[in-house]
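A short write-up of the structure that comes next.
The values are calculated or read from the model by the stated rules, or taken from the named source; none is laboratory data. It should be emphasised that the depicted structure is a prediction, and the values quoted were computed from it without experimental measurement. Cβ placement follows ideal geometry from the backbone for every residue including glycine, while neighbour counts extend to all protein chains displayed. Surface accessibility is based on the protein's heavy atoms, side chains included, excluding ligands, DNA and RNA. Shrake-Rupley method; radii C 1.70, N 1.55, O 1.52, S 1.80 Å.
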Protein chains: 2
Amino acid sequence: MNIRTLEWKNNAVVIIDQTLLPGKLKYRHIKDVKTLWQASKELKVRGAPALGAAAAFGVYLGVKDAQVTDPRKFLRLVKDTSVYLGSSRPTAVNLFWGLTRMRRAAESCAGETVDFMKERLLQEACAVVEEDRSACRNIGKFGAKLIRDGDVLLTVCNAGILATIDYGTALGVMYRAKEEGRRFKVYACETRPLLQGARLTSWELSSQGVDVTLICDNMAASLMRQGRISKVIAGADRIALNGDAANKIGTYSLAVLCRYHQVPFYMAAPVSSFDPQITGGRQIPVEERAATEITDMFFKRRIAPLGVKVYNPAFDVTPHELITAFITDKGIIREPNRQKINQLLMDDSR
Amino acid sequence: MNIRTLEWKNNAVVIIDQTLLPGKLKYRHIKDVKTLWQASKELKVRGAPALGAAAAFGVYLGVKDAQVTDPRKFLRLVKDTSVYLGSSRPTAVNLFWGLTRMRRAAESCAGETVDFMKERLLQEACAVVEEDRSACRNIGKFGAKLIRDGDVLLTVCNAGILATIDYGTALGVMYRAKEEGRRFKVYACETRPLLQGARLTSWELSSQGVDVTLICDNMAASLMRQGRISKVIAGADRIALNGDAANKIGTYSLAVLCRYHQVPFYMAAPVSSFDPQITGGRQIPVEERAATEITDMFFKRRIAPLGVKVYNPAFDVTPHELITAFITDKGIIREPNRQKINQLLMDDSR
């Protein structure tokens, strides 16, 4: 099945409404920046790389019909729109990376008309999409070398087609390994509270013909104890310069369990997930989300008592010493540290 | 609030239907063994100690109206009823312990009439209830000494009033510490798939005035990393002679996380949770339950795709080396091993 997570069509960002999966595969045509902000906030579109692309188009949606002719005023509008979109989700750096690219694209148009700048912004957003497409293919190519025949992999949240433009990061590694003829199985952690593993990953992997078994997050340790997991592969939402990496809540837990059970723990992400502004994991802002995500089962029936206190961090940070390797679009970084990551970012900016 | 988990009243076992909590507090009057089997299977009544008491009354319900006068035929009926009730849940040893007590009580009536045996069985079931009551009070008394002012405790599933006759095991320790004037907070893991932590523990602790915050199971590691957890206290469904202990799925995961973060990990259980027939954790049968518990959110709305494969173990086994201490009704057993547990069981059988 061909899944189109995000595309630009008829002056609209067309996304799959991921809150309706797996029950319904419904595409939404988003034509204004406010609706896009809402879609990002409500996880209709989600996944670090996809958020970067959505944000880039969001900037364009926010300024394309602006009735300004003064380039400086237009540039201010681009910046304001970027700040606004950045407020939808704080943790994934790709979102800010996408916004920064758009701002820089606008800034690069010194001396040009507003119409020219608008055209330039649309090109930049399309470039973000194309680069994500190729980054994921490269992550898959490098990562697939790590997969052996007979492996049993475990993943968390959804770092697949639905989190990117296509192919995915952690799941892209699996798709490539499958294309290369390797046989393996996958356990998908359901990923509470919003169940991206149950709703999205198990659906996506099945749709691509990958053998997937769904478990609750608290069952992973038991599988490792039984020797039934060969490797864990997760995505990453933001990676600090020292290699500490934020990802969906529960990822850090898996990394500790991997260390205890001597199971390799990999994180797959494009270079745009590395944040040169952040030196260590403690500086990464972790989004705390609404209590109702935990107390009400997937936005519907209440399962905890009224008035109960809730702690609902959407992400956690895995320290670099628990990460066997990063799988990036520029290659694999084993035992990640600041020096290796600096090198990666320098190579990338050349 | 006074919660009555299980009592014998007007020839019926009266239980709270725990599948309806926290939305409804509804008592069910169970008058026949088949309904009791169903209630056990469907977790209307649950928790290792409460299952022991329910099973004991279940035997009585199953034989009290039997139209047999031959004591040997009656004894056979007692045994058959025990086997039947044992098939409802395989992991918690207290259930089998309750059944064994009933069988032995019947066997001890050599030379007596069937009517006498029936009376004896009712007395035995009532004794099981009273002993559980006093065992939990003792667990609380011993365990409360471990709680310090300002502690932040974490627990999993429900090892409270709702899992016993009253007071609870792991939560009984907290109730006693509160009675003794200690101030502390509790994080409750929601405990997927059936959410006993969200539905039962957060409700029960709130109802008893304990400060409780609900988290998803995959958030515990992150709290430990932040140094926000002083101790973990869980219940236990079956403890092997070497100290390996089965409890609700996810408990083992917490034990590993405790070891990594140097947080003490306690399990609270009555002596009836120790199984003298089982030398190590690998021999403990782990119940696997229906896939729909994971794919359908609390028996209602589907959240995973149709046809997805599911692994749903209801319990896991924590090896003794990860258990800081058992808190039992006979005292605290630190660094549990076979010798210490043998001693406990010998002292108990005196």
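Please go through the range B:71-162 and write out the chymotrypsin sites (Phe, Trp or Tyr not before Pro) that DSSP classes as loop and that have at most 12 other C-beta atoms within 10 Å.
none
Structure remark: mean-square fluctuation, Gaussian network model of chain B, C-alpha springs under 10 Å; the largest value among B:Asp80, B:Asp237, B:Asp316 belongs to B:Asp80.
Largest GNM mean-square fluctuation among A:Gly143, A:Gly98, A:Gly209, using chain A with Cα springs under 10 Å: A:Gly209.
For chain A, the longest principal axis of the C-alpha atoms and the axis of helix A:93-107 are separated by about 20°. For the protein assembly as shown, adding -39500 (n - 2.57) for each run of n ≥ 4 DSSP H residues and dividing by the number of residues yields -12000 deg cm²/dmol at 222 nm. Model label points for B:Glu107 and A:Glu321, set 7 angstrom from Cα along the Cα-to-Cβ axis, are 5.5 nm apart.
The DSSP beta bridges internal to chain B are antiparallel in roughly 55% of cases.
In the elastic network of chain B, a GNM with C-alpha springs shorter than 10 Å, the most mobile of B:Cys136, B:Cys216, B:Cys157 is B:Cys216. In this assembly of identical copies, the label point of B:Arg133 (Cα plus 7 Å along Cα-to-Cβ) is separated from its counterparts by 7.3 nm, sorted shortest first. Computed on chain B, with alpha-carbon pairs under 8 angstrom and 6+ residues apart, the relative contact order is 16 percent. Counting from the shortest, the label point at A:Gln226, 7 Å from Cα toward Cβ, is 3.3 nm from the same position in each remaining copy. Considering the range A:18-124, its Cα convex hull presents a mean projected area of 6.3 nm². Placing pseudo-labels 7 Å out from each Cα toward the beta carbon at A:Arg183 and B:Gln262 gives an inter-label distance of 4.7 nm. Charge tally for B:Asp149 (other residues, Cβ to Cβ under 11 Å; Lys, Arg +1; Asp, Glu -1): +1. Counting charges near A:Ile16 (Lys, Arg +1; Asp, Glu -1) among other residues having Cβ under 9 Å from its Cβ returns a value of +3. Across the range A:1-106, the relative contact order, built from alpha-carbon pairs under 8 Å that are at least six residues apart, equals 24 percent. Near B:Thr279, the amide H atoms lying under 5 Å from its own belong to B:Leu241; only residues 5 or more places off or on other chains count, and H is placed 1.01 Å from N. Could you please state, rounded to a whole Å, how far the C-alpha centre of the range A:128-170 is from the C-alpha centre of the range B:249-318? If you average the Cα positions of each part, the centres end up 31 Å apart.
Mind checking which lysines have their C-alpha under 21 Å from A:Lys73, skipping anything on the same chain fewer than 8 residues away? Answer for A:Lys73, where 21 Å is the Cα cut-off: A:Lys34, A:Lys64, A:Lys118, listed by chain and number. Taking trypsin sites (Lys or Arg not before Pro) across the range B:15-88, the ones in a DSSP loop with at most 16 further Cβ atoms lying within 10 angstrom of their Cβ are B:Lys24, B:Lys26, B:Lys31, B:Lys64. Under 11 Å from the Cβ of B:Tyr266, count the other residues' Cβ atoms, weight Lys and Arg +1, Asp and Glu -1, and hand me the total. After counting each charged neighbour, the total is +2.
Karplus-based coupling profile of the range A:121-136, in residue order and whole Hz: 5, 5, 4, 5, 4, 5, 5, 4, 4, 5, 5, 5, 4, 6, 4, 5, with θ = phi - 60° in 6.51 cos²θ - 1.76 cosθ + 1.60 and x standing for Gly or Pro. Using Cα pairs closer than 8 Å and at least 6 residues apart in sequence, work out the relative contact order for the range A:151-274, in percent. Relative contact order of the range A:151-274: 28 percent. Comparing the full protein assembly with the isolated chain (1.4 Å probe, heavy atoms, ligands and nucleic acids excluded), the residues of the range B:189-205 losing at least 20 square angstrom of accessible area are B:Glu190, B:Arg192, B:Leu195, B:Ala198, B:Ser202.
For B:Lys9 and A:Ser87, a Förster radius of 60 Å and the Cβ-Cβ distance give a FRET efficiency of 0.55, rounded to the nearest 0.05.
Taking a ≥ b ≥ c as the square roots of the eigenvalues of the alpha carbon gyration tensor, the protein assembly as shown is prolate, as a/c is not under 1.5 and a/b beats b/c.
A:Gln67 label point (Cα plus 7 Å toward Cβ) to equivalent points in the other copies: 9.3 nm, shortest first.
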